[in-house]
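For reference, the structure discussed in these notes is given below.
The values are calculated or read from the model by the stated rules, or taken from the named source; none is laboratory data. Predicted model, so just to flag it, every value in this text is computed and none were measured. So basically every Cβ, Gly included, is an ideal-geometry build from the backbone, and we count neighbours across all protein chains shown.
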Amino acid sequence: MANTMDFRALVAGVALALVSVGGAVMAVGGAGPGGEPAGATSESLRSTKALEGFVGEWEIDAKWDDGRPLKARAIYSSEMGGKHIRTQTWLPKPDGTEYQRYQGMMTWHPRKNAFAVYSFAYDGAVTEALATTDDGKTLKIGFEPFEPGAPSPLRQTLRLVSADALEWTVEMNAGGEWKRLIQAEWKRKK
């Protein structure tokens with residue numbers, strides 16, 4: 001069960017929506033890029049174009065905080081004229097091949113005033129999350145509930161530290177306190 005929860009965090013929205021893109025485009029603190037007050041949404045951040053830096057193929061070779069290894073590959077691609085980001089995540093099998101664990105979509109959701117992240121797992125599980133950014137470089141996934149009164153048990157922060165490196169932090173709500181599961185770096189492959 002914990003293993004499933006940890007892997008859902010890998011893409012949950014992913015995924016790098018999840019690159020997941022993982023990833024609302026609501027300013028969460030200070031002034032927005034156009035000088036608008038906190039809580040306002042910049043038009044430039046109401047489009048997946050704000051997340052272009054996440055698009056590409058990424059790899060991770062790290063360890064969960066409990067010491068278990070994590071290897072994965074994720075692809076974030078711009079779809080339908082740049083209106084949506086598709087996320088795909090693969091994990092290795094013992095024989096050296098890969099299997100697709102997640103697929104997802106991330107798009108601007110005007111009624112929620114945020115990016116909506118939909119993630120579909122290999123076992124049929126479906127995850128919905130909201131993603132927020134105030135600068136197009138840091139994507140917060142699961143910090144705001146997708147449905148009012150139903151907070152996400154997981155949240156992720158994806159931060160572009162360079163054109164080829166993405167810092168990824170995943171936390172799980174454990175009894176009202178957020179416990180970090182991993183903080184690691186995805187590296188751009190392509």
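Among the residues of segment 106-119, are any over 23 Å from Gln183 (Cα atoms), of a type in the set (Ser, Thr, Tyr) and touching a strand residue (DSSP E or B) at 6+ places or on another chain (Cβ under 6 Å)?
Yes, segment 106-119 contains a residue that is over 23 Å from Gln183 (Cα atoms), of a type in the set (Ser, Thr, Tyr) and touching a strand residue (DSSP E or B) at 6+ places or on another chain (Cβ under 6 Å).
Give Ala121, Ala125, Ala131 a once-over and let me know the one that is more than 18 Å from Ser78 (Cβ to Cβ) and either surrounded by 17 or more Cβ atoms within 10 Å (Cβ to Cβ) or of a type in the set (Asp, Glu) (or both).
Ala121
Of the residues Ala121, Ala125, which single one is under 15 Å from the mean Cα position of the chain (by Cα), on the phi < 0 side of the Ramachandran plot and modelled with pLDDT of 90 or more?
Ala121
Name the pairs: first residue in segment 46-73 and at pLDDT below 95, second residue surrounded by fewer than 19 Cβ atoms within 10 Å (Cβ to Cβ) and among the basic types (Lys, Arg), Cβ to Cβ under 6 Å, at least 6 apart or on different chains?
Every condition considered, the pairs that remain are Gly56/Arg188; Gly56/Lys190.
Name the residue, out of Thr41, Thr4, that is farther than 22 Å from Thr132 by Cβ, at pLDDT below 75 and out of contact with any Lys or Arg (no Cβ under 6 Å at 6 or more places or on another chain).
Checking each option against the conditions leaves just Thr4.
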